[in-house]
1. Answer yes if at least one residue in the stretch 117-131 is closer than 30 Å to residue 80 by Cβ and either in contact with a strand residue (DSSP E or B) (Cβ under 7 Å, 6 or more places away or on another chain) or not assigned by TED's automatic domain parsing to the domain that holds residue 40 (or both), and no otherwise.
2. Consider residue 172 carefully, then state whether it is farther than 25 Å from residue 284 by Cβ, surrounded by fewer than 21 Cβ atoms within 10 Å (Cβ to Cβ) and either assigned by TED's automatic domain parsing to the domain that holds residue 29 or in contact (Cβ under 8 Å) with a residue 40 or more places away in the chain (or both).
3. Being at positive phi, assigned by TED's automatic domain parsing to the domain that holds residue 234, under 27 Å from the mean Cα position of the chain (by Cα) and surrounded by 13 or more Cβ atoms within 10 Å (Cβ to Cβ): is that true of residue 205 here?
4. Quick check: is even one residue across the stretch 214-221 crowded, with 21+ Cβ neighbours inside 10 Å, within 14 Å of the chain's Cα centre (by Cα) and either touching a residue at least 60 places away in the same chain (Cβ under 8 Å) or outside any helix (DSSP H, G or I) (or both)?
5. Can you find even one residue in the stretch 27-35 that is assigned by TED's automatic domain parsing to the domain that holds residue 248, under 24 Å from the mean Cα position of the chain (by Cα), loosely packed, with under 15 Cβ neighbours inside 10 Å and in contact (Cβ under 8 Å) with a residue 24 or more places away in the chain?
6. Do we have any residue at all in the stretch 196-212 that's in contact (Cβ under 8 Å) with a residue 24 or more places away in the chain, closer than 16 Å to residue 283 by Cβ and touching a strand residue (DSSP E or B) at 6+ places or on another chain (Cβ under 7 Å)?
7. Evaluate the stretch 101-115: report whether one residue or more is within 30 Å of residue 204 (Cβ to Cβ), within 34 Å of the chain's Cα centre (by Cα), outside the structural domain of residue 247 (by TED's automatic domain parsing) and loosely packed, with under 14 Cβ neighbours inside 10 Å.
8. Could you please find all residues in the stretch 44-74 being buried (at least 17 other Cβ atoms within 10 Å of the Cβ) and part of a strand (DSSP E or B)?
């Protein structure tokens, strides 16, 4: 098998050795890799695939596979509250008084409402609202004690304003992940690995966060490693989405680097096979700064060449 990938692999044929990329090594995405990333919007989720890494390897061997490893930093604190970086939504919340009723008397409300609905209907919640109001005196007494404790010097003034009776507005903030499709579909700061099949214009995404993504990560990583064992060069592109919402380039390799997290989880492959493939695999991890202001370094290594594994 040979490498026939159409996209650039910047260090093809170099001597393989452990590498550590410092934050200062991250750079703008090169034009050739930028073209590759722009093309990803045409890729669709892979068709149903076999839960067998050998059969999976056979099915994708001629599809010109490549992988993208994406590390994401937490958004810089100075960007929170800026619409360029954060989506903000106004959400109406129940009044504190109603919340106190629900928190303290929910079971009684449920029982009384269930008994009423055996013989009646309440399509407009008229009876439910009347029930809630019955509990207002008790809820006020509870809430008043909370105000005394929460605002020891100003509780009387705040209580007299009666804001606890009014609905409240909460502004929810969610970071924008303005990355090309499909890299930004899963807004997340966790490490992710994307498996692309250029010939079929399909992809899958793996990571260690959920059972489905762990299953994908296990089977596709093992299939890619099996293809590498057979002599197929599978390029790997390493990217960082930084704390300023910029996509940065770390490096490209002509072999399938893998995130070691969760490989073998949710996967029906003999542990001896997994260990054999992983022992020969080049792995990649990222280490965050101690103050969590960004990624300090990205390391590429093999088991026999690096003992300590530092995970995000």
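The values are calculated or read from the model by the stated rules, or taken from the named source; none is laboratory data. Every value quoted in this text rests on a predicted model; they were computed, and no experiment measured them. Cβ coordinates were reconstructed from backbone atoms using ideal geometry, including for glycine residues, and neighbour counts include every protein chain displayed.
1. The answer is no, given that none of the residues of the stretch 117-131 is closer than 30 Å to residue 80 by Cβ and either in contact with a strand residue (DSSP E or B) (Cβ under 7 Å, 6 or more places away or on another chain) or not assigned by TED's automatic domain parsing to the domain that holds residue 40 (or both).
2. It is true that residue 172 is farther than 25 Å from residue 284 by Cβ, surrounded by fewer than 21 Cβ atoms within 10 Å (Cβ to Cβ) and either assigned by TED's automatic domain parsing to the domain that holds residue 29 or in contact (Cβ under 8 Å) with a residue 40 or more places away in the chain (or both).
3. On the way: at positive phi: no; assigned by TED's automatic domain parsing to the domain that holds residue 234: yes; under 27 Å from the mean Cα position of the chain (by Cα): yes; surrounded by 13 or more Cβ atoms within 10 Å (Cβ to Cβ): yes.
So residue 205 does not fit the description; no.
4. So far as the stretch 214-221 goes, no, none of its residues is crowded, with 21+ Cβ neighbours inside 10 Å, within 14 Å of the chain's Cα centre (by Cα) and either touching a residue at least 60 places away in the same chain (Cβ under 8 Å) or outside any helix (DSSP H, G or I) (or both).
5. Looking through the stretch 27-35, at least one residue is assigned by TED's automatic domain parsing to the domain that holds residue 248, under 24 Å from the mean Cα position of the chain (by Cα), loosely packed, with under 15 Cβ neighbours inside 10 Å and in contact (Cβ under 8 Å) with a residue 24 or more places away in the chain.
6. yes
7. no
8. Hits for the stretch 44-74 are 65, 66, 67, 68, 69, 70, 71, 72.
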